[in-house]
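Worksheet for the structure shown next.
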Amino acid sequence: MVATGSGTKSGKAFYVTTPIYYVNDAPHLGHAYTTVAGDVLTRWHRQRGERVWFLTGTDEHGQKVLRTAESKGVSPQEWCDKLVEEAWKPLWQHLEIANDDFIRTTEKRHTDRVREFVQDLYDKGEIYKGGYEGPYCVGCEEYKLPGELLEGTGENAGKQLCPIHKRPVEILKEENYFFRLSEYADKLLAHYEANPGFIQPESARNEVLSFVRQGLQDLSISRSTFDWGVPVPWDDEHVIYVWVDALLNYATAVGYNQNQETFDASFPADVHLIGKDILRFHAVIWPALLMANGLPLPGRIVANGWLLVGGEKMSKSNLTGISPRQITSHFGVDAFRWYLLRAIAYGQDGSFSWEDLAARYTSELANDYGNLASRVAAMVGKYFDGVLPEASADGDAEQAVHEGLAKAVAEADRKIGDDVEFQAGLQAIFDFVKQVNGYISEQEPWKVAKDDSPEARARLATILYTAAESLRAVAVLLHPFMPASSQKLWESLGAEPALGPLADQRVQEAGEWGRLPAGSTVTKGAALFPRLEEQPGA
RNA sequence: GCCUGCAUAGCUCAGUCGGUGAGAGCGCCGCACUCAUAAUGCGGAGGUCCCAAGUUCGAGUCUUGGUGCAGGUACCA
């Protein structure tokens, strides 16, 4: 857990969540994608000086976990403990995820509050006991909708068949508790209407709109066929439906019904980051539950797309592809974090490939960015003995760089901090890197260095200061994405003695020209992103 | 089946209200340069804008049909 920004503002924290991941198996690329996005978003806001709360965690109840545990011959709690401690938490640590809390739905701080929340709804008349009767497939172990059934033929003539198992379904009846979701359709639509940015991206919003416009049915929120879950407070025969249990983590983790002060300081979330597979739960059921209990609604739900690996969809049921650690062991954690948000427009589906990562790494990280840092540090060392000189001869070329930086900072802050569009923000930052490379090539400091006249020395000093000061800003802007390499650059520029720790640098001030003082000690360290020659088979 | 969205250079994608010869990055080819991680800068080649018909003075951009792909069609999560 990492400390939040020091620039505490009065009022509510900027509260961001990832989904709590279902611990049926080890984390894969898709989980890492959403979690990295949340980490970058919150790190960005911390560097804006805001108080931030970043929550992630695990969803541990439900039939699937129970079954998996049984098949492994352990209790579900043991199974969850093992995965959380040996797979999930270590991966987030490895990826430098600076979450402020990690909630597990099996924790007492969660389960007690869930029971209270559901009891409240029950007391308010939002929950009623009802029966569900419908066609049930024994093979699938779930109810089917009448519309998806097939007409039987031959020996099954006249019967209806499960579309998957092609076996006759049985009509089963089960008693359940239902939440009056149907009464919230209009209220939800009104909220979507009044808050156009509530669901991002636009395509996700449209899907939710068309779904809710068709009308909503009440939601069964209890299960009685298995017991791995939170018992319904007034009826031990039932456990609370895992999704209701899971969604409530966003409230229970920040002190719902436990610590009003903490709760008010965080809740509701400003941004719920999710994968589009769980859009409906977050954009429909979750707000309805909050409305029913008189709680405020989140700022927005931002859904990311599918990650396609080798042309195949990456999902919880399809674990094909590459593990996060395989990638980081070759390219490093920074490059991994950067690539996910650089290569794919957040919200759209995107393909991940080893080849593309290798190509972008070489071109953008090694050649453009890393090499820029390298050439600048080398020249300050060679021509000024590693002491950053003063810029005393600014001209039009320098002015263009100053303006380019201001523009890059404004664009990046708007795209990343406000719009949750990482790709566009990174684009702005890397366009600036390209501009600085161009500036150096045009100014040809290595030629200016051959002239010993005072005028030439002043020009040379100005060129190198301009380049180094540009890098200072880049280190600040890239820190949320690539903490380790940015820190290396910060040290290489000798920025810390005068400016303080990198994590404390404000994005708002990153574009102010001249922050890195002349006299700073510039050292050329190891390459930020060494070229990777091999093409190891994935 | 029904609903929605997408199909633009080798690859990944941008193309606003329809209008001068269709764009970017990467890759490829050439030139310049040598401070730097054989890096950088400049230039070039490369496209029947999925197919067909239609509206229009004019369509990648609108309409209809077709083909292909993706997603949704609620309580596994």
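The values are calculated or read from the model by the stated rules, or taken from the named source; none is laboratory data. All of these numbers come straight from a predicted model, not from anything done at the bench. As a convention, Cβ positions derive from the backbone with ideal geometry for all residues, glycine included, and neighbour counts pool all protein chains shown.
Annotations
- Meets criteria (among the acidic types (Asp, Glu), part of a helix (DSSP H, G or I) and either closer than 25 Å to A:Ala393 by Cβ or within 16 Å of RNA strand B (Cβ to nearest atom) (or both)) for A:Glu442: yes
- Test: residue in the stretch A:129-140 that is assigned to a loop (DSSP other than H, G, I, E, B) and at pLDDT 95 or above: no
- Taken over the stretch A:184-232, the criterion of being more than 9 Å from RNA strand B (Cβ to nearest atom), within 16 Å of A:Met291 (Cα to Cα) and among the aliphatic types (A, V, I, L, M) is satisfied by A:Leu188, A:Leu189, A:Ala190, A:Ala194.
- The one condition from (1) buried (at least 18 other Cβ atoms within 10 Å of the Cβ); (2) more than 16 Å from RNA strand B (Cβ to nearest atom) that A:Asp235 does not meet is (1).
- For A:Thr523, the stated conditions hold: it is of a type in the set (Ser, Thr, Tyr), touching a residue at least 24 places away in the same chain (Cβ under 8 Å), in contact with a helix residue (DSSP H, G or I) (Cβ under 8 Å, 6 or more places away or on another chain) and outside the structural domain of A:Val387 (by TED's automatic domain parsing).
- Only listed residue being of a type in the set (A, V, I, L, M), out of contact with any helix residue (DSSP H, G or I) (no Cβ under 6 Å at 6 or more places or on another chain) and either in the same structural domain as A:Val420 (by TED's automatic domain parsing) or at pLDDT 95 or above (or both), chosen from A:Ala475, A:Ala467, A:Ala458, A:Ala484: A:Ala458
- Enumeration of residues in the stretch A:365-395 that are of a type in the set (D, E, K, R) and either part of a helix (DSSP H, G or I) or near RNA strand B (Cβ under 6 Å from one of its atoms) (or both): A:Asp368, A:Arg375, A:Lys382
- Of everything listed in (1) surrounded by 15 or more Cβ atoms within 10 Å (Cβ to Cβ); (2) more than 17 Å from the chain's Cα centre (by Cα), the single unmet condition for A:Trp338 is (2).
- Whichever residue in the stretch A:341-369 is at pLDDT below 90 and of a type outside the set (Gly, Ala, Ser) and, among such residues, is nearest to the chain's Cα centre (by Cα): A:Tyr346
- Residue satisfying all of: in the stretch A:267-294; more than 10 Å from RNA strand B (Cβ to nearest atom) and β-branched (Val, Ile, Thr); farthest from A:Leu41 (Cα to Cα) among these: A:Ile274
- Filter result for the condition that a residue is surrounded by fewer than 17 Cβ atoms within 10 Å (Cβ to Cβ) and hydroxyl-bearing (Ser, Thr, Tyr), over A:Ser220, A:Ser224, A:Ser266: A:Ser224
- Hey, A:Ser315 modelled with pLDDT under 95 and over 30 Å from A:Asp123 (Cβ atoms) or not: yes
- Within the stretch A:179-224, if we keep just the residues that are part of a helix (DSSP H, G or I) and aromatic (Phe, Trp, Tyr), the residue that is farthest from the chain's Cα centre (by Cα) turns out to be A:Tyr184.
- Residues located in the stretch A:403-434, provided they are surrounded by fewer than 18 Cβ atoms within 10 Å (Cβ to Cβ), within 16 Å of RNA strand B (Cβ to nearest atom) and over 21 Å from the mean Cα position of the chain (by Cα): A:Asp431, A:Lys434
- Of all residues in the stretch A:37-79, those that are of a type in the set (Gly, Ala, Ser) and within 16 Å of RNA strand B (Cβ to nearest atom) total 4.
- The residue of the stretch A:510-538 that is surrounded by the fewest Cβ atoms within 10 Å (Cβ to Cβ), among those that are modelled with pLDDT of 95 or more, aliphatic (A, V, I, L, M) and under 29 Å from the mean Cα position of the chain (by Cα), is A:Ala527.
- Consider the stretch A:239-257 and keep the residues that are part of a helix (DSSP H, G or I) and among the hydroxyl-bearing types (Ser, Thr, Tyr). The one that is surrounded by the fewest Cβ atoms within 10 Å (Cβ to Cβ) is A:Thr252.
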